[in-house]
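Some notes on the structure that comes next.
The values are calculated or read from the model by the stated rules, or taken from the named source; none is laboratory data. Quick caveat, the model's predicted, so the values are computed rather than measured. All Cβ positions, glycine included, derive from the backbone under ideal geometry; neighbour counts span all protein chains shown.
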Amino acid sequence: MQISMAGRTAVITGGSKGLGLAMARRFLASGADGVALLARSEGPLAEARASLAGIGTGKVAAIACDVADAASIKQGYDQAMAELGRIDIVVNNAGQSRTGPFESITDQIWQDDIDLKLFAAIRLARLAWPQMKERKWGRVINVLNTGAKAPKANGAPTHVTRAAGMALTKVLAGEGAPHGILVNAMLVGLIVTDQVARGHAALVAKGQNITLEQHIANTGAPIPLGRMGTAEEFANLACFLASDAGSYITGTATNVDGGASPVV
């Protein structure tokens, strides 16, 4: 199947590395007119933009934005609109997997997680929603994790906010359907990204003599498919859902985890 993103533009939060950058690369390679990468740090954004040079013919906007802050989101959205002219696709990808024992999680930690993961998605989708309704076409993709469906002990706050993100997905899908706006969630399992490299570095710092390749292999071994996934594999599904090829799919939450989740 040839998936085309021609004539479409996308805003991707957490777009300077990992899954966000992989999705931007896939969108551009599929002919997208433009992508706007939103992330906090200008250095990684500049590197990301440079890494996308020559992929397709679409424009790349790199926008410094703290999506945990409402004013910063509005500023980032306005800049994306100014550079791309319109926004067809919103990918809410920013986040982190902060977990710990319930009694150790303060109100501030809860609030920070809610602002970063839930309110950021709400605010950005709300900004893009009117123009999507007007054009009768839009896509919102919420990147969550498998803990949204199968939360575990010591999984707060991230499993709780991710579950709320799945509920948001369903609500928006119902409201968007009459207007041609499709809303779906992708639930991340164990995927090889820069976070895995940081985890490996932490092990080495503690004295473990293990290569990154060994760490990746060991981590992926218990997964039914026997390996960790790649950011490119994740981006392939995102591209499908963002394109006209996924025109009858909305309100879903799809595991991208190699079969690891106990919940379908």
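Please find, among Leu127, Leu116, the residue that is at pLDDT 95 or above and under 19 Å from Arg162 (Cα atoms).
Leu116
Just to be sure I understand, how many residues within the stretch 150-197 are part of a helix (DSSP H, G or I) and under 19 Å from the mean Cα position of the chain (by Cα)?
The total comes to 20.
Looking for something outside any strand (DSSP E or B), among the β-branched types (Val, Ile, Thr) and closer than 18 Å to Ala245 by Cβ - is there at least one such residue anywhere in the stretch 44-61?
Looking through the stretch 44-61, none of the residues is outside any strand (DSSP E or B), among the β-branched types (Val, Ile, Thr) and closer than 18 Å to Ala245 by Cβ.
Kindly provide the set of residues from the stretch 88-134 that are of a type in the set (D, E, K, R) and in contact (Cβ under 8 Å) with a residue 40 or more places away in the chain, ordered by number.
Selection gives Asp88, Arg98, Asp112, Asp113, Asp115, Lys117, Arg123, Lys133.
Would you mind telling me which numbered condition in (1) of a type outside the set (S, T, N, Q); (2) assigned by TED's automatic domain parsing to the domain that holds Ala242; (3) out of contact with any Cys (no Cβ under 6 Å at 6 or more places or on another chain) Arg26 fails?
Condition not satisfied by Arg26: (3).
Using beta carbons and a limit of 9 Å, which pairs, at least six apart or on different chains, have the first residue in the stretch 75-87 and outside any helix (DSSP H, G or I) and the second one surrounded by 17 or more Cβ atoms within 10 Å (Cβ to Cβ) and β-branched (Val, Ile, Thr)?
Note: pairs meeting the criteria are Gly85/Thr9; Arg86/Thr9; Ile87/Thr9; Ile87/Val11.
Would you mind finding the one in Asp88, Asp33, Asp78 that is surrounded by fewer than 22 Cβ atoms within 10 Å (Cβ to Cβ), acidic (Asp, Glu), in contact with a strand residue (DSSP E or B) (Cβ under 7 Å, 6 or more places away or on another chain) and farther than 22 Å from Asp113 by Cα?
Asp33
Return a yes/no flag: does the stretch 95-112 have any residue that is under 16 Å from the mean Cα position of the chain (by Cα), assigned to a strand (DSSP E or B) and either surrounded by 15 or more Cβ atoms within 10 Å (Cβ to Cβ) or aromatic (Phe, Trp, Tyr) (or both).
So far as the stretch 95-112 goes, no, none of its residues is under 16 Å from the mean Cα position of the chain (by Cα), assigned to a strand (DSSP E or B) and either surrounded by 15 or more Cβ atoms within 10 Å (Cβ to Cβ) or aromatic (Phe, Trp, Tyr) (or both).
I want to confirm something. Restricting to the stretch 15-51 and keeping residues that are of a type in the set (Gly, Ala, Ser) and within 15 Å of the chain's Cα centre (by Cα), which single residue is nearest to Ala235 (Cα to Cα)?
Across the stretch 15-51, the extreme among qualifying residues is Ala22.
With the requirement that a residue be surrounded by fewer than 20 Cβ atoms within 10 Å (Cβ to Cβ), more than 16 Å from the chain's Cα centre (by Cα) and part of a helix (DSSP H, G or I), what does the stretch 115-136 give you?
Result: Arg126, Leu127, Trp129, Pro130, Gln131, Lys133, Glu134, Arg135.
I'd like the full set of residues that are closer than 19 Å to Ser4 by Cβ and part of a loop (DSSP other than H, G, I, E, B), limited to the stretch 234-254.
Listed by number, the residues that qualify are Ser243, Ser247, Tyr248, Ile249.
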